[in-house]
Amino acid sequence: MVVSDAFHRIGGAIKQPVFTNDGKAVLFSIANMVYTVNARSGACTQKFEAPMNVAHIAMLYESSQQILMASSDSVFVLQGISPPVTVATHTLSGYKLLELIPGSSRDTFYAILSDVKGKARAKTCLARLVVDSSALTLDIIRRTERSHRPQHTNLVLGPDGMLVATIDHTAWVLDPAELEYGPECVHVISHTRPFTAVACSDATIALGDDLGVIRVLRDPLDVPSPSKLKDLTVQLLPWHTGPISSLLFGPSPSEVYSGGHEGVLVSWNLVASSSDFLPRLGGSIIAMVPGPEGETVQVAVLCSDNAVRLLDLTHRSVVFTYRGLAQPTTGHPAFQVYPIQNPGLYPPKGPHRRVLTAGTAGSLSLFDATEHVNPAPSRLAVVTRNYATDVGDSKAPPAHAHWACFSADGAVMASADGAGRPGVPETTRVWFRESQHAMHDTSSTSLPRFCLVASLSGLTTDVPVAMDMSADGAWLVVADRSGAVKILSIGDTVELAASFMFEDYSAITARVNPDCSKVHVLFDHQLVTIDLKTRDVCAHFLLANRQKAGSIDYLSDGRLVLATNKMLAVATEDAVVDAIQGIFTHVCVLDDTIHVIVRTGTFFYASLTSALVPLARHSLGKFGTFVEALLPSPANPAGLLILAIDDGERVLFSMDPASLSSNDEDDDEDMDADTATRRAMFGAEFDDTVPTAALESVTTASGVLAVFDGPTHALLPTTLLASRFVGLLADGIAL
């Protein structure tokens, strides 16, 4: 999808898949693109663009040629799929669409809607929709008694015609044939916990809650309404340790399939009260869709690694996997997916088109960034975890990959993984590529194989905030928030070459310079240079204000470009040469042009010369709510990639800076005027950052710290504590 002349959106979250009625294909959507995937081969046979972001797809009853697409703001499009032709478009004003399923006749659908109409806390309703080429008719079946914002909604129509809708703690059960009797035909079932999943078949209902318990009900319509869940439950199925995300009946009402955050599909036999498992699906199960009846039992599963998997449950195998960009997840912190901190090119240099970023469940995701619709990533499992055996202790979180970096030729890779929780050690791993798998082969999106050669657990005492490898693959630097910096030498073996502890300082980022001779570590109050030959600190200088986040890149003359939450600066190893005040989150240098992401309430992109003269600016407000990374484009030597979180989805934007100019702005701010007010040259007009490291003396008078700049003898304001200068006495700074 093209979002401007300079930006192209790549990827997004895969929405719940559906089978065509003949079972020959699986359909799903990513943003405004709809994909048709062959159910046998997994090949994408067709994709077309919808006029809106598609949140729901429903097949028309007994038709494999038409679908109903809908957005979350209730725009409905009746669409032919072979060929893709729009039949009709309808808008349902004042409603937010939460769930949509097809009914038992061609034009009938059922939906759960939030009756917003300008209200923050609106009533939720169950409705029947009749959609054809000429009109959309809405019939409200029942509304909630109170206005609220539902957290969990589910809607399913059983093969016997029983309709079940769940809205948080309440389940509504009805026979659509009795709708003429009004809301009284709806049977109400209440529960103390919210329902998170539902399935029904032949008057049997399975309900899952947020505690991981499945309850089986039979003939609920034969009991007076309202009813309490415990009075209708005939069987309990406990195994899951968290919310049930999806339930599904098999070909027989005695078979139930369930899925949750464990990444395990559980098969239940209700007659024998037994269970079986299909583990290691690659991510938490979000949704399951039954395939057509046939010789084998097929289920399409949507997982949290943003992949659709077609499973053959008869032979316990995966027929195909279709991947999208790994998505950030929310929910229980133990199962949060930590986004990788330094997404990068794979390999960093050379004729390639691949980009590496975080996956899920301890994996890294490699994808083709030249594909402007969906990158179809490969997956590298960094941490292997069998959830079927590990979830006995629900407090034991899965490990996630935080970091990954490569040598210039891609022959050496390093990764860091861990749970990111106190008491759980981080593990640094070094991998060698198998020689028969070429890195620069761009004809395939498959991932070359790597062999694990070293695994160092507890190398850092805290979660690493930086990891970088030298271009020749001989050095690896790892830094954490406690001030520890570890340097590993990589050869036939991996050894700890040097270890530094900078007490009272917290590392922000670290880089190995392009000629592989030095390591630069940016701390909250100083920049430190470590010589890799002598393995000792060879230079450092102080920064007055605390830097909380930042990144480093290099100009062709060896100078550093620092982007932090306080400034954008060009520096040598001894001092800041020039700087601009502001909140800068990411920096990337291409041909001595500095590209940065700036945050001023929202994010915007800017480019500058090496002298920090502004060239162009572009608002990123419409492209994402949070920017994760800025990196060079594999497809365009002068292009950039912006990895962002857009409405909870991880998306990638391919950008061509050449198509931007200082006048190509989405906001009305003038770049030159903005720069004039934000820019303060260090040493000429001091604001809040120490410009150089030439601090001649630090004295105390009446308990107040004062710092003097050596060259100008100017008094510089600072909030640094005296403890920050202990250990600098040997460098000629006196207290």
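The values are calculated or read from the model by the stated rules, or taken from the named source; none is laboratory data. Keep in mind the model is a prediction, meaning the values are calculated, not measured. All Cβ positions, even for glycine, are placed from backbone atoms using ideal geometry, and neighbour counts span all protein chains on display. Please note that ligands, DNA and RNA were not included when accessible areas were found on the heavy atoms of the full protein model with its side chains. Shrake-Rupley method; radii C 1.70, N 1.55, O 1.52, S 1.80 Å.
Per residue, segment 172-331 exposes 40 Å² of accessible surface when a 1.4 Å probe is rolled over the protein heavy atoms with every protein chain present. Near Pro176: Cβ cut-off under 13 Å, other residues only, Lys/Arg at +1 and Asp/Glu at -1. The net charge is -3.
Residues whose amide H comes within less than 5 Å of that of Ala55, counting only those at least five positions distant or on another chain, are Ala70, Ser71, Ser72 (H built at 1.01 Å from N in the peptide plane).
Peptides 44-52, 283-291, 14-22, 271-279 ranked from most to least packed, by the mean per-residue count of other Cβ atoms within 10 Å: 283-291, 14-22, 44-52, 271-279. Calculation over all alpha carbon pairs of segment 2-73 in 10 angstrom steps from 0 returns a P(r) of 19, 50, 24, 6, 0 percent.
For Ala307, neighbours were defined as the other residues whose beta-carbon sits under 15 Å from its Cβ, and their charges (Lys and Arg +1, Asp and Glu -1) total +4. If you take all other residues with their beta carbon under 9 Å from the beta carbon of Asp480, and give Lys and Arg +1 and Asp and Glu -1, the sum is 0. Taking amide H atoms as placed 1.01 Å from N in the peptide plane, the amide H of Phe626 lies under 5 Å from those of Ile645, each 5 or more residues away in sequence or on another chain. With +1 on the Cβ of every Lys and Arg and -1 on the Cβ of every Asp and Glu, and nothing else charged, how large is the dipole of segment 527-576 about its Cα centre, in debye rounded to the nearest 20? Around 260 debye, computed over segment 527-576.
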